[in-house]
Structures are given as C-alpha cells and as structure tokens.
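Enquirer: Quick one: structure below, then a few questions.
What follows draws every value from the coordinates through simple rules; no lab data is involved. Treat the numbers as computed from the prediction; the structure is a model and nothing was measured. Counting neighbours? That spans all protein chains shown, and the Cβs are built from the backbone with ideal geometry, glycine included.
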Amino acid sequence: MPGIRNNFEDLTGAIRRGGVQPSGDTVSADNPIWVEFARSMVPMMIPAAHAIADLIDASSAPSMKVLDIAASHGVFGITIAQRNPRAEVVAFRGQLESAGFHGVSAHAIPTPETVLIASK
C-alpha cells in the first residue's frame, strides 16, 4: 500500500509538523485506502473469525447480541450471524458489501457513526 508507505519517507518533517502532509493523510476513516485494506484483510481474518465463533459456541446459543467495534471488514460479526440466525450483530465501521458477500443481510441505522445490524 504505497499510500501508507509514502508517509514514512519524511518522518522528521512529520514530527516537526505534528503530522503528515495533508496530501498524505490516511487517518480519515473516509479515505478509500481503508476500504482496500479491509478487503485485503478478509482472507487472513476468516480463520480467526471461525475460531472465535467456535470458542463462544455461536451455533448452539439460543440467541445472542454481539457488538463488533471497529468492524472494518465485518468478518467477525458476519461469521457469528452465519452460525446463529438468532444473533443480532451491531457493527461499528462495518462494511455493508462484506455482509452481502458473506450471505448475511444488513442495513444501516442512521447515527453519527456507521452502525449495522446484521441478521441471517
């Protein structure tokens, strides 16, 4: 991800300025680089998501509520929703497209932050 690496080329300048140049600011949540990052992390996070769903025995729980903070790709909450149709997953900074890709329906709730409710 060259957009992130470029910020390391002038560390001294960034320290003097108190941050990177505005053109190199990747911190904003709206920056498309984070969507690309979230998509690229999905294959690596799927095994961990399944391990967590196994650990909490998501498929045999009668119902559950899950708060997935900084969900990014949403795979952790989505995996639990796939395993337990009665699960209610609230995901902050989740990706609606990830939910659809993984066979889970999701809708946005209008709040200052992006909040998703995912259900199977």
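Enquirer: Quick query: amide H of Met64 versus all other amide H atoms, modeled in the peptide plane; which residues come in under 5 Å with a sequence gap of 5 or more or a different chain?
Expert: Residues meeting the amide H criterion: Ala87, Glu88.
Enquirer: Another question, then. If each residue's Cβ is checked for other Cβ atoms within 10 Å, how do His50, His73 rank with the fewest at the top?
Expert: Details: His50 16, His73 27.
The fewest-first ordering by Cβ neighbours comes to His50, His73.
Enquirer: Can you order the peptides 82-89, 61-68 by their average number of other Cβ atoms within 10 Å per residue, highest first? Please list the in-between numbers first.
Expert: Working: 82-89: 19.0, 61-68: 12.9.
Order by mean packing, descending: 82-89, 61-68.
Enquirer: Continuing with this model, one more query. Among Phe8, Phe37, Phe76, which comes first, second and so on when ranked by fewest other beta-carbon atoms within 10 Å?
Expert: Numbers: Phe8 10, Phe37 16, Phe76 22.
Fewest-to-most ranking of Phe8, Phe37, Phe76: Phe8, Phe37, Phe76.
Enquirer: Extending each Cα 7 Å along its Cβ direction at Glu88 and Ile15, get the distance between those two points in nm, one decimal.
Expert: With each label point 7 Å from Cα toward Cβ, the separation is 5.0 nm.
Enquirer: Among Thr79, Thr12, which comes first, second and so on when ranked by fewest other beta-carbon atoms within 10 Å?
Expert: Placing the least packed residue first, the sequence is Thr12, Thr79.
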